[in-house]
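S.K.: Here you go, one structure.
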Amino acid sequence: MRNTKSTLLYRWFEEVWNQNREDSIDQLMTTDSHAHGIIAPGQPKGAAGFKTFYRDFKKQFDAIHIAVKDVVAQDDMECGLTEVTARHRETGKAVKFSGLCMVRVENGKIAEAWNHYDFLGMHQQLGQVLTPMEAA
C-alpha cells in the first residue's frame, strides 16, 4: 500500500489548499517552474505565476478542500488523483470535481506540473455554458 502522506503532492495540497498557507507555495515550488494547464501563456512562471491562479480561484470559491485520493511516485515524478470540493462565492453553489496533477520534483520542490482538472464539469455544476473561443 502506498503512503500518500509521505509525498510532495500530498504536502502541497494539504498546506497550500486545505490549510490556506500561501507561503508554502514559495517553499514547495521552484521560482522558474511551469504549471501546465494552470498558468496561462504570458503569465510569470514559478511561484509568482501560480499565485495568480491561486488568488483568482480563492476569490471565486471558498470552503475549498482537496482530497488526495492516491499518489504514485517514481524517481523524480509524482502523479496524484484528487477530488476538489468548494463553494462558489457568488451563487453559494457547491461544486465537486476530480483531477490529476503530475509533477517533476527537483531538490524537493515542484519544478514542473501538468494539471488536468474537470473545470468543464465545475462550470456545468454552476449552470454556466461555455462557448469555444474563435480562432484568431
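The values are calculated or read from the model by the stated rules, or taken from the named source; none is laboratory data. Everything quoted here is computed from the prediction, not taken from an experiment. Don't worry about glycine lacking a Cβ; one is built from the backbone with ideal geometry, like all the others, and counts go over all protein chains shown.
S.K.: Among the residues of region 43-54, is any free of Cβ contacts under 8 Å to residues at least 12 places away in the same chain and surrounded by fewer than 16 Cβ atoms within 10 Å (Cβ to Cβ)? Spell out how you get there, then give the answer.
M.R.: Filtering region 43-54 for residues free of Cβ contacts under 8 Å to residues at least 12 places away in the same chain gives 43-44.
Then keep just the ones that are surrounded by fewer than 16 Cβ atoms within 10 Å (Cβ to Cβ); that gives 43-44.
Yes; the residues of region 43-54 include at least one that is free of Cβ contacts under 8 Å to residues at least 12 places away in the same chain and surrounded by fewer than 16 Cβ atoms within 10 Å (Cβ to Cβ).
S.K.: From the list F57, F97, F61, F53, which residue is at pLDDT below 95 and under 16 Å from W17 (Cβ atoms)? Let's see the steps before the verdict.
M.R.: Values: F57 fails: at pLDDT below 95; F97 fails: at pLDDT below 95; F61 fails: at pLDDT below 95.
Among F57, F97, F61, F53, only F53 is at pLDDT below 95 and under 16 Å from W17 (Cβ atoms).
S.K.: For region 34-45, enumerate the residues that are over 20 Å from D118 (Cβ atoms) and modelled with pLDDT of 90 or more.
M.R.: Correct list: H34 only.
S.K.: Now for a different question. Anything in region 85-101 that is of a type in the set (A, V, I, L, M, F, W, C) and either assigned to a loop (DSSP other than H, G, I, E, B) or surrounded by fewer than 18 Cβ atoms within 10 Å (Cβ to Cβ) (or both)? List them, or say none. Even if it seems obvious, please write down each step before you answer.
M.R.: Pass one, region 85-101, residues of a type in the set (A, V, I, L, M, F, W, C): 86, 94-95, 97, 100-101.
Answer for region 85-101, where residues must be of a type in the set (A, V, I, L, M, F, W, C) and either assigned to a loop (DSSP other than H, G, I, E, B) or surrounded by fewer than 18 Cβ atoms within 10 Å (Cβ to Cβ) (or both): A94, L100.
S.K.: Give region 66-95 a look and list any residue that's of a type in the set (A, V, I, L, M, F, W, C) and closer than 12 Å to F13 by Cα, or say none. Break it down into steps so the answer makes sense when it comes.
M.R.: The first filter runs over region 66-95 and keeps only residues of a type in the set (A, V, I, L, M, F, W, C), leaving 66-68, 71-73, 77, 79, 81, 84, 86, 94-95.
Hits for region 66-95 are I66, A67, V68, V71, L81, V84.
S.K.: Next up: What's the number of the condition K69 fails, among (1) within 18 Å of K109 (Cα to Cα); (2) not acidic (D, E); (3) not in a helix (DSSP H, G or I)?
M.R.: (1)
S.K.: Looking at region 102-136 only, could you name the residues that are of a type in the set (F, W, Y) and assigned to a strand (DSSP E or B)? Break it down into steps so the answer makes sense when it comes.
M.R.: First, pick out the residues of region 102-136 that are of a type in the set (F, W, Y): 114, 117, 119.
Within region 102-136, W114, Y117 qualify.
S.K.: Turning to a different aspect of this structure: So, R104, is that one modelled with pLDDT of 95 or more, within 22 Å of K59 (Cβ to Cβ), charged (D, E, K, R) and surrounded by 13 or more Cβ atoms within 10 Å (Cβ to Cβ) or not? Before you say what the answer is, go through the steps one by one.
M.R.: Details: modelled with pLDDT of 95 or more: yes; within 22 Å of K59 (Cβ to Cβ): no; charged (D, E, K, R): yes; surrounded by 13 or more Cβ atoms within 10 Å (Cβ to Cβ): yes.
Considered against the rule, which asks whether it is modelled with pLDDT of 95 or more, within 22 Å of K59 (Cβ to Cβ), charged (D, E, K, R) and surrounded by 13 or more Cβ atoms within 10 Å (Cβ to Cβ), R104 comes out as no.
S.K.: Given the structure, is T82 part of a helix (DSSP H, G or I) and polar (S, T, N, Q)?
M.R.: Numbers: part of a helix (DSSP H, G or I): no; polar (S, T, N, Q): yes.
Judged against the criteria, T82 is not a match.
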